[in-house]
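The values are calculated or read from the model by the stated rules, or taken from the named source; none is laboratory data. Please read all numbers here as calculations on a predicted model, not as lab measurements. Positions of Cβ are generated from backbone atoms using ideal geometry, with glycine treated the same way; all protein chains shown enter the neighbour counts. To get the accessible areas, we keep the full protein, side chains included, count just its heavy atoms, and leave off ligands, DNA and RNA. Shrake-Rupley method; radii C 1.70, N 1.55, O 1.52, S 1.80 Å.
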Amino acid sequence: MKNRPLVCPLAAATALALTGCGLLPGGDQSRTVSVWLMRDSVSEDFLKRFTAAYEAEHEGVKLRFTFQEWTGIGKKVTEAIQGPGGPDVIEVGNTQVAQYADTDKLFDLTLESVRDLGSEDWLPGLAEPGRIAGSQYGIPWYAANRVVIYHKDLFAAAGVTEPPATRAEWLDDTEKLNRDGSQGIYLAGQDWYTLAGFIWDEGGELADDKGGDWTGALDSPAALRGMDFYKDLQSLGSGPKNADEQTPPQAEVFAKGDVAQIIATPSAVSAITRANPALKGKLGFFPIPGKKAGEPCAVFTGGSDLIIPENAPERTAAIDVVKALAGEKWQTELARAMNYVPNKTSLSSVVEGQEATAVMAVGAARGRATPNSPQWADVEAANPIKPYMTAVLQGEDPKRAAEYASEQITQALAE
């Protein structure tokens, strides 16, 4: 990565450069900060309130927001950060930071992270993928992760009076729930994000970084233990062994009313109750249990980071915008408005009144992200993890299947 450039270095500054930094009296102080956000990441009301407050507090600064679609965003962002006059701030998926940082066209925000934003308290699933080679290029913005959504009536009928505290208890309870015409859990055979959490909980990895050389790690003893637990849990329902959670959509399956649990983000509830309004008020949430009581399972953390391109026309002002969006005041506002997990563990209390979001926040404290390689997107494109899972669930030798999948991951990460 490039060393961090000095902002408006005085030693070689011209009058024009000084005016651009707002240091010459009489210079044009007005500026517009262009911000790219992803579609539906924030509400119109939140954006209006943030814009009004920010512009009132920063005289001469105007904010211009443009919404982008997730489809095709990788190519669009890469072109924007490599060309002239691109946006000043860009919202990106937390697992995408590595591929953009690999261009050497992102501004190093390490100083601001430590000095102004309290980076030591960030959620690991947002902070770690934004940190490349010791430098922070992605600033955590918001998070979401999977929890267990359960049918309260089916739990009561099976005599399960409270959520399980450990994975062992979870298996026992799910076995009790898997009877009398009901599925204990609906878990599709290729839900690899959920598998990743079990692997991490066992101390394993999807891939190992050996000094910049990545190798697939599904065949490690820890990863195999994670897959073994997944197999046990998946057997306590009728989820397909050869499809993921979208085929068919698991929310629609759960909405039929005979499934006791699914593993999903709380946003699935809207689809469930839309399909079956009778389930309103009958759904509960608990963190995915871990191996030990009081320690939830590691989970994949999805969400967004904020990046600033090196070529940002209003880079100094852009840094201030990022500080505001990632700071305590607007993190609190965003979490409450959008039911997101805020970017710091110390802010988890701000969502205590929102049951589902509060449960997400418990899991997010042990959140992880996918391997921080610029080529990880290539792994997901072909995704050898999915057929590996199906092979094991259908009775193939787990070690042999894991070795084959790991070889494919290694090859993808080497390209």
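Numbers at a glance
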item	result
Within the stretch 95-142, tally of residues that are within 15 Å of residue 327 (Cβ to Cβ), among the hydroxyl-bearing types (Ser, Thr, Tyr) and open to solvent by 10 Å² or more (accessible area, probe 1.4 Å)	2
Flag if residue 168 is of a type in the set (A, V, I, L, M), part of a helix (DSSP H, G or I) and either modelled with pLDDT under 95 or open to solvent by 10 Å² or more (accessible area, probe 1.4 Å) (or both)	yes
Options 298, 275: the member that is free of Cβ contacts under 8 Å to residues at least 40 places away in the same chain and not hydroxyl-bearing (Ser, Thr, Tyr)	275
Qualifying positions in the stretch 355-367 - open to solvent by 60 Å² or more (accessible area, probe 1.4 Å) and not in a loop (DSSP other than H, G, I, E, B)	355, 362
Any hit, the stretch 131-149, residues being in a helix (DSSP H, G or I), within 20 Å of residue 345 (Cβ to Cβ) and of a type outside the set (Ser, Thr, Tyr)	no
Lone unmet requirement of (1) small (Gly, Ala, Ser); (2) open to solvent by 10 Å² or more (accessible area, probe 1.4 Å); (3) part of a helix (DSSP H, G or I); (4) in contact (Cβ under 8 Å) with a residue 40 or more places away in the chain for residue 348	(4)
Residue within the stretch 77-90 that is under 22 Å from residue 341 (Cβ atoms), assigned to a helix (DSSP H, G or I) and open to solvent by less than 20 Å² (accessible area, probe 1.4 Å) present	no
Number of the exception - residue 381 against (1) modelled with pLDDT of 95 or more; (2) open to solvent by 50 Å² or more (accessible area, probe 1.4 Å); (3) assigned to a helix (DSSP H, G or I)	(1)
Index of the failed condition, residue 197 passing every other in (1) surrounded by fewer than 24 Cβ atoms within 10 Å (Cβ to Cβ); (2) assigned to a helix (DSSP H, G or I)	(1)
